[in-house]
1. Please go through the range 101-152 and give me each residue that is among the aliphatic types (A, V, I, L, M), more than 14 Å from MET9 (Cα to Cα) and more than 9 Å from the chain's Cα centre (by Cα), ordered by number.
2. Going through the range 61-91 one residue at a time, which ones are charged (D, E, K, R) and touching a residue at least 24 places away in the same chain (Cβ under 8 Å)?
3. Outside any strand (DSSP E or B) and either of a type in the set (S, T, N, Q) or surrounded by 12 or more Cβ atoms within 10 Å (Cβ to Cβ) (or both): which single residue out of ARG179, ARG146, ARG131, ARG164 fits that description?
4. Identify, from the list VAL32, VAL18, the residue that is away from the ligand (no atom under 16 Å from the Cβ) and within 17 Å of the chain's Cα centre (by Cα).
5. On the given criteria, is ALA88 hydrophobic (A, V, I, L, M, F, W, C), out of contact with any Gly (no Cβ under 6 Å at 6 or more places or on another chain), in a helix (DSSP H, G or I) and over 25 Å from PRO157 (Cα atoms)?
6. Would you be able to tell me the number of residues in the range 34-47 that are without any contact (Cβ under 8 Å) to a residue 60 or more places away in the chain and either closer than 22 Å to ALA80 by Cβ or β-branched (Val, Ile, Thr) (or both)?
7. Restricting to the range 110-137, count the residues that are out of contact with any strand residue (DSSP E or B) (no Cβ under 7 Å at 6 or more places or on another chain), more than 10 Å from the ligand (Cβ to nearest atom) and over 16 Å from ALA88 (Cα atoms).
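What follows is calculated from the coordinates using simple rules that are stated; it is not laboratory data. All values derive from a computational prediction rather than experimental measurement. Using ideal geometry, Cβ is built from the backbone for each residue, glycine included, and neighbour counts are taken over all protein chains shown.
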Amino acid sequence: MTGTAVEAMRVRRSWSKVTDEAPTHEQLVDLVSAAGRLADHSSLRPWRLIELRGRDRERLGRAIHKAEHKPGRSTKPLRAPLLIAVVARIRKGKVPDWEQEAVASGVAHLLSLALDDEGWGVFWRTGDHTRSKAVAKAHGLEKNERLLGWLYVGGRPEQRRPSRIKTVDGATFLSPMPR
Ligand SMILES: Cc1cc2nc3c(=O)[nH]c(=O)nc-3n(C[C@H](O)[C@H](O)[C@H](O)COP(=O)(O)O)c2cc1C
């Protein structure tokens, strides 16, 4: 674990290959509680997460191929022992949809950061099938729910060389308001 939130952000990275080790449900619940403390207009909590383990991932693979009009099942979901589907639950009212999707996306980013900081490997994945009917059905989504993709989570493999973290120059992305 790093010392501060800023340090955790600086050193985080995505892990495309992970091992079969995964956080337990209980470990995950704890981190989800922390990630859920993000800014949220009117505290709507417009999100939920779905844990996919074991054969759940095969069901997702079948749904992906159905969405892509292919036979059999995609092996993509088998790339990690745990997939966390990120779902935005859009509530009717004064808070626009985009704000609610921003909250759900924020939860996924914070949860990814927390998992990374705890030493797990995480990779956020999507695809053309993400908002397909077949994939929505496999996750039991309601009409007001939209999938934002999956956090693929697993153990970190031994690395032959240290990975390079892409740096970001904050000055490039920060400017004053034009006059
Ligand atoms: C919403 C979202 C969806 C993404 N979907 C994919 C994807 O399907 N395939 C992929 O290679 N990277 C995808 N990425 C990017 C990776 O998760 C990762 O951020 C990228 O490979 C850069 O690595 P880094 O996080 O270590 O800088 C997605 C990121 C986000 C935020």
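1. ALA102, VAL103, ALA104, ALA134, VAL135, ALA136, ALA138, LEU141, LEU147
2. Taking the range 61-91 and keeping what is charged (D, E, K, R), we get 62, 66, 68, 70, 73, 76, 79, 89, 91.
Selection gives ARG62, LYS66, GLU68, LYS76, ARG79, ARG89, ARG91.
3. Working: ARG179 fails: either of a type in the set (S, T, N, Q) or surrounded by 12 or more Cβ atoms within 10 Å (Cβ to Cβ) (or both); ARG146 fails: outside any strand (DSSP E or B); ARG164 fails: either of a type in the set (S, T, N, Q) or surrounded by 12 or more Cβ atoms within 10 Å (Cβ to Cβ) (or both).
It is ARG131.
4. Working: VAL18 fails: away from the ligand (no atom under 16 Å from the Cβ).
When all the criteria are applied, what remains is VAL32.
5. Working: hydrophobic (A, V, I, L, M, F, W, C): yes; out of contact with any Gly (no Cβ under 6 Å at 6 or more places or on another chain): yes; in a helix (DSSP H, G or I): no; over 25 Å from PRO157 (Cα atoms): yes.
Answer is no for this residue.
6. 0
7. Within the range 110-137, residues that are out of contact with any strand residue (DSSP E or B) (no Cβ under 7 Å at 6 or more places or on another chain), more than 10 Å from the ligand (Cβ to nearest atom) and over 16 Å from ALA88 (Cα atoms) number 7.
Here is a yes/no grid of residues against (1) more than 29 Å from THR2 (Cα to Cα); (2) in contact with a helix residue (DSSP H, G or I) (Cβ under 6 Å, 6 or more places away or on another chain):
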position	(1), (2)
ALA35	no, yes
ARG57	yes, yes
ALA67	yes, yes
SER74	yes, yes
PRO77	yes, yes
LEU82	no, no
VAL107	no, yes
LEU111	no, yes
